[in-house]
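Novice: Below is a structure I'd like to ask you about.
Values in this text are rule-based calculations from the coordinates and carry no lab data. Owing to the predicted nature of the structure, the values given are computational and were not obtained by experimental measurement. Here the Cβ positions follow ideal geometry from the backbone for every residue, glycine too, while neighbour counts run over all protein chains shown.
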Amino acid sequence: MAAGSDPIPRTGRDEMYRPPEDGGGDNGGNAGREQVSLEDLIGRFKDGLPPLKFLGGGGFSLIVLIGMVVAAVVWLASGVFTVDPDEQAALRLFGKFDSTAGSGLNWWWPSPVGQRDIVQVTQTRTLELGFRSGSEGVTAVTQVPGEAQMITGDENIVDVGAVIQYRIMDIGNYLFEVDDPGDVDRGVSSGRPDGRTLRDVTETALRQVVGSRTIDDALTEGREQIQEDTRLQMQNLLNSYDSGISVISVLLQNVNPPEEVRDAFEDVVVAQEEKQRLKNLADAYEADQLPRAEGEARRIREAAEGFAKGRIALATGEAEGFRLLLEGYLTSTEVTRQRLYLEAMEEILPGTEKFVVTGEAADGILPFLPLNSGGGTGVGGGQ
C-alpha cells in the first residue's frame, strides 16, 4: 500500500496489528462481535486524546496515561498509616464514622474519600475540680471557689477539691457523639466530651453525693465512700451521653469546713485522731497480752490434767496392790502376816537409833531414858 494512502497515523513504532473485522450480521453468535484486544483499547484511548504538536501527538497520550496511573498509585498509597500500641484510629468514609483500626500498619481510603483520627486510648487523663495546680516547675495551687463550695446534707458549707482520672473506652462515641466547647485550661479541643461536659458531670455528681451526707462524713471517715459513689454517679451520666469515657477513680484532695468554724472542726479532727491512736494502742496491748494469758492458761490446764492423771494412776496402782495383798493374805494368812511384819520393820528400823543393853545393867533393873547417859553399854546405829 502506498504511503500516502495509509489511513492509520504512525506512532514511530511498527504498524499495530489489528485483527480482521467480520462483516457478518449479529445473529446472537460470536461471529458478529468485534474482537477487541488490550492493545486495540489502548490505541483507541490514545486516538481520543487531543495531540500536542510539540510532543508528537501519540507520545503525549502515553505520558498522560502513565501519569494518571502513577497518580492513582500514589493516591492509594497515601492511605497507608501506622497506629501505635497505645492508640486507636477512627475511620470515616465520606465524613461518616465507619469503623476503628488497632495498632500496627493499616490502610484506609485517602482523602477526600476517607479520613482517619488517631487518638491515644490507654493514656490515663486527669481533671482537676475546685483548684488548678501550677504548671511544670511551679508548685502554686489556685483555688476555684465556684467549683469547690458545696452544701452538705446537714446544711454546712465545705470546700471540696477532687482529681478525676479517666480513660477513653469507645473512640467512636468519644469523637462523634458529644459536641463540647472544649477546655482551654487542659488543652482539650472542642467537640470532645472530656472538656466542659466532663467538668460539669463531675461537679454535678460530687455535689449530689456530698449533699446527701453530713459534714463529718466529708471531713473524716466517709471520704472513701464519697469517692466511690461519685465515680459511679459520673459513669452513669457519661454512659447516658454515649461519651465513650471510663472513669477510673475520684480522689478527694482537700475538704475544708467554712473559715468561721474551721478551728473547731480541726479540734474535732484532732480528737478523733487521738481516739483512733488510743484505740490502736489498746488493740496492740490486747494483741500482746491475750496470747500470753492464753498460753499461761493452757500451761496450767495441762499441768492440772497431768497431775490428775498421775494421781489416778497412783491410786489405781495402790488399789491393785492392796487387792493382790488381800488375795495373798486370804490364801496364806500366817506367811503373809510375817512377811508384812518384816517388811514394816525393814522400813522402820533403818531410820531409828537402837540400843543393846547387856550385862548387869539388864538384870532386874529397868533403865531410864535416855539410855545413852546410863552406865550400860550402848551400841547405836543398828548394832
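Novice: Could you give me the ³J(HN,Hα) list for segment 217-232, computed from phi with Karplus coefficients 6.51, -1.76, 1.60 and θ = phi - 60°, whole Hz, x at Gly and Pro?
Specialist: Working through the residues one at a time gives 4, 5, 8, 10, 6, x, 5, 5, 5, 4, 4, 5, 5, 5, 4, 5 Hz.
Novice: Highest first, please rank the peptides 89-96, 223-230 by the mean number of other Cβ atoms sitting within 10 Å of their residues.
Specialist: Numbers: 89-96: 14.6, 223-230: 16.1.
Ranking, from highest mean packing down: 223-230, 89-96.
Novice: Take Arg199, Arg298 and order them by how many other Cβ atoms sit within 10 Å, fewest up front. If you can, show how the numbers build up before the last one.
Specialist: Values: Arg199 20, Arg298 10.
Exposure proxy ranking, most exposed first: Arg298, Arg199.
Novice: Take segment 80-120, drop everything but the C-alpha atoms, weight them equally and run the Debye formula without solvent; then report log10 I(q)/I(0) at 0.17, 0.28, 0.31 Å⁻¹ to two decimals.
Specialist: Treating every Cα as an identical point scatterer, log10 I(q)/I(0) equals -0.37, -0.92, -1.07.
Novice: If one computes the Cα centroid of segment 251-307 and of segment 150-216, what distance in Å separates the two points?
Specialist: 38 Å
Novice: If you don't mind, there's one more thing I want to ask. Calculate the all-directions average of the projected area of segment 197-275's alpha-carbon convex hull, and give it in nm². Let's see the in-between values first.
Specialist: Working: hull surface 23.3 nm².
It is 5.8 nm².
Novice: What does the C-alpha gyration tensor say about the overall shape of segment 125-257? Classify as rounded when a/c is under 1.5, otherwise prolate if a/b is larger than b/c, or oblate. Mind dumping the intermediate values first?
Specialist: On the way: a/c = 2.14, a/b = 1.40, b/c = 1.53.
The shape class here is oblate.
Novice: Give me the base-10 log of I(q)/I(0) for segment 260-351 at each q in 0.19 Å⁻¹, Debye formula, one uniform scatterer per Cα, rounded to two decimals.
Specialist: -0.99
Novice: Still on this structure, I have one more. Once you place label points 7 Å from the Cα toward the Cβ at Phe81 and Thr220, how far apart are they in nm?
Specialist: According to this spin-label approximation, the distance is 5.6 nm.
Novice: Quick check: from the Cα gyration tensor, does segment 241-312 come out rounded (a/c under 1.5), prolate or oblate? It would help to have the intermediate numbers written out before the result.
Specialist: Values: a/c = 8.78, a/b = 2.31, b/c = 3.81.
It comes out oblate by the Cα gyration axes.
Novice: From the convex hull of the Cα coordinates of segment 171-320, what is the mean projected area in square nanometres? Please report the intermediate quantities before stating the final value.
Specialist: On the way: hull surface 73.2 nm².
Its average projected convex-hull area is 18.3 nm².
Novice: Hey, with R₀ at 30 Å, roughly what FRET efficiency would Val69 and Leu105 work out to, going by the Cβ-Cβ distance, to 0.05? Working shown, then result.
Specialist: Values: r = 24 Å, r/R0 = 0.80.
Once rounded, the FRET efficiency stands at 0.80.
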